[in-house]
Each structure stands twice: as structure tokens, then as C-alpha cells.
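S.K.: Sharing a structure below in C-alpha cells format, with a few things to ask.
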């Protein structure tokens, strides 16, 4: 199982443009396989990772994730191809539907028929990421275009897929899925089998399963879980994540976090490996002074 780190989603120095680039350089020096960046309401993740790609040489740089609705698939493909060039072929595009409260409530766009939206979106985005023209006549998108980004190579694509329809779409049309708030039992019994079955039916290679979860090395597990539960409470209220937590039998986000001493963290990571996770995306977070650095050093020792 490859190990990467989530970056750029917090305030403070580590969330600035220079901070994220410095983080990428540090993670590469430490030997981490990847760095992932959320695209929320701060820095644009694709632009930031393109700049980080210019400052690094080996580490994979990926978005986790970019919402599809606000961007035309042709425009997103062009931006992703450019980031791919900037990263020397180390850029991975992770996309997702986001949530109704964001797309409709904040952006004023329609969230109608999200599965249809994603199928049509990929009918345009997929060929363009492979360097092929996109000719498509659907209900939402009607395109006949191609891109000519100098030095561009195909860009790997991951989809945030949790429900049955989205897992089928991801397996058929992408290189895998990237998850959040999804525990190992749910990955093993729900995500993995349905994703792999769809990929197999489409004649695609074994898909990646990138699992992002909170992780903290601490001797104060109860206090840390309580703090994580408060800071991550909103994720337990969003329908798509709530459904995954329910499948896991988890009361809230803190229950799927990997928290405790080294023995507990070893067991948590092994459980993900056993569940079929190909990549762990560590969302490092703790309330103790120095705990984030200790957690990073622990993860480095696991490489």
C-alpha cells in the first residue's frame, strides 16, 4: 500500500501557496509516494499542484477532489493536461460531485441527476485526458472539440465514488476511486467488489482505491477522538458520507479515524491493506503539541 499525505486544507502557513509547495518538497525528500490536495474554498488545487510539480521531481501530486459541476469538462481537461506537463507526468486528477448544499445552496447550480451528470461529464473529460477528441451529444453536454497542449501525456483520473451507481461509473470510466470518511469494512465489502467488478466488465486494469482518513499518533486516544469528532462533525451530516459511516457502523467521523499509539496505527494501516486499499491518503490531525510531526515521522517509518 502506497502512503501519501493530504495537504493544503488547513489555515496557517501550511495552507499558503508557498507552504503547500514546501510541503510537497519535504514529503518527496522523506520518500512519500504522493501528496493530495483538496479543492474547497481556498487555493485552487490544480494550479497549486502544477506549481508544486515544478519544484519536485518524483512525488505524485493529486487532487482530492475537484468538484465537476462548476467547470466545463473541456476546460478541466485543459487545466489538468497543463498540470500534467508541469508535474512531468506525476499529476493525478481526482474529481467528484461535491454535495447538493454546495452546488445548489452555495453556487446556485442544479444538482439534478448527479449520476447522469457524471456519465456525461466523463464522456467528454475522459477522451480529452487521453489526448483524444471528444465528440458527444448528450442532454447536458454537446461537444466536438480536441486539445493540443504541448508535451501533454495522458492524465490519470480518479472519481470520488461511494454509491453503487458512482462505483459502476468509476470502474468503467476511470482509473479508480478516491474516498473520504469510508472505513475498511465498507471498503472491503462494498467499495472494492463493486468497483473491481465494473472495471473487469469494462476490460479495464485493476482499479486504484485511494482511502483518505484522519490519522493521529497519540497516547491520549480518547481526547484526540473527541477533538476530531468536533472538528469533523460536518462530514457526518453530509448524506453521501453519512451513508458510508452507517455501513461501517460508525456513529461519526471520529470512529473511522486511525488514532492511538504505534501499535494501534500499525493495526489500522494493516486493516486498510487487507481491505484492498492501494493508496492511503493520511489526513494528519491532532490537538497535542508536536503530535502532527510525530505522526508524519511514524508514517515515514512505514514507507
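Coordinate-derived values only; no laboratory data. These figures come from a predicted structure and were not determined experimentally. So basically every Cβ, Gly included, is an ideal-geometry build from the backbone, and we count neighbours across all protein chains shown.
S.K.: Taking the Cα-to-Cβ direction at residue 197 and at residue 41 and moving 7 Å from each Cα, how far apart do the two end points lie in nm?
M.R.: 3.9
S.K.: OK, next. Show me 116-129, 144-157, 14-27 ranked by packing, highest mean number of other Cβ atoms within 10 Å first.
M.R.: Highest to lowest by the protection proxy: 116-129, 14-27, 144-157.
S.K.: Using alpha carbons only, how many degrees (0 to 90, rounded to 10) separate the axis of helix 262-275 from the longest principal axis of the chain?
M.R.: Roughly 30 degrees between the two axes.
S.K.: Given 0.36 nm per residue, what is the gain on full extension from residue 303 to residue 153 after removing their alpha carbon distance, in nm?
M.R.: 51.2 nm
S.K.: Test of understanding: extend the Cα→C-beta vector of residue 115 to 7 Å, then name every residue of the stretch 187-219 with backbone N under 15 Å from that spot.
M.R.: 194-195, 198
S.K.: Okay, next question. Rounded to the nearest 500 deg cm²/dmol, what is the calculated helix-only ellipticity per residue at 222 nm for the chain, with -39500 (n - 2.57) per DSSP H run of length n ≥ 4?
M.R.: So the calculated ellipticity at 222 nm is -12500 deg cm²/dmol.
S.K.: Rounded to the nearest Å, what's the spacing between the alpha carbon centres of the stretch 24-56 and the stretch 103-161? Just the number, please.
M.R.: Cα centroid to Cα centroid, the span is 23 Å.
S.K.: A further question on this structure: If you fit an axis through the alpha-carbon atoms of helix 192-201 and take the longest principal axis of the Cα set of the chain, what angle between them do you get, 0 to 90°, nearest 10?
M.R.: 20
S.K.: While we're on this one: Could you state the number of Å between the C-alpha centres of the stretch 214-235 and the stretch 286-303?
M.R.: Taking the Cα centre of the stretch 214-235 as reference, the centre of the stretch 286-303 is 14 Å away.
S.K.: Here's something else I'd like to know. Once R0 is set to 30 Å, what does the formula 1/(1 + (r/R0)^6) return for the Cβ-Cβ distance between residue 144 and residue 107, expressed as a FRET efficiency to the nearest 0.05?
M.R.: 0.65
S.K.: Relative contact order for the chain: what is it in percent, counting Cα pairs under 8 Å that are at least 6 residues apart?
M.R.: Relative contact order, the chain: 17 percent.
S.K.: Sticking with this one: How far is helix 45-54 tilted off the main Cα axis of the chain, in degrees rounded to 10, range 0 to 90?
M.R.: Approximately 80 degrees, to the nearest ten.
S.K.: How big is the antiparallel share of DSSP beta bridges in the stretch 2-213, given as a percent to the nearest 5?
M.R.: Percentage antiparallel, nearest 5: 15.
S.K.: Here's something else I'd like to know. Rounded to the nearest 0.05, what FRET efficiency do residue 26 and residue 189 give with R0 = 41 Å and r taken as the Cβ-Cβ distance? Could you check?
M.R.: Plugging the Cβ-Cβ distance into 1/(1 + (r/R0)^6) gives 0.65.
S.K.: For residue 261 and residue 278 in the same chain, what is the full-extension length gain: residue separation times 0.36 nm, less their Cα-Cα distance, in nm?
M.R.: Here the segment from residue 261 to residue 278 would lengthen by 3.8 nm.
S.K.: In the set (1) 34, 20, 20; (2) 52, 24, 15; (3) 30, 22, 18, which value of semi-axes √(5λ) of the Cα gyration tensor in Å was calculated from the structure you see?
M.R.: For semi-axes √(5λ) of the Cα gyration tensor in Å, the calculated option is (3).
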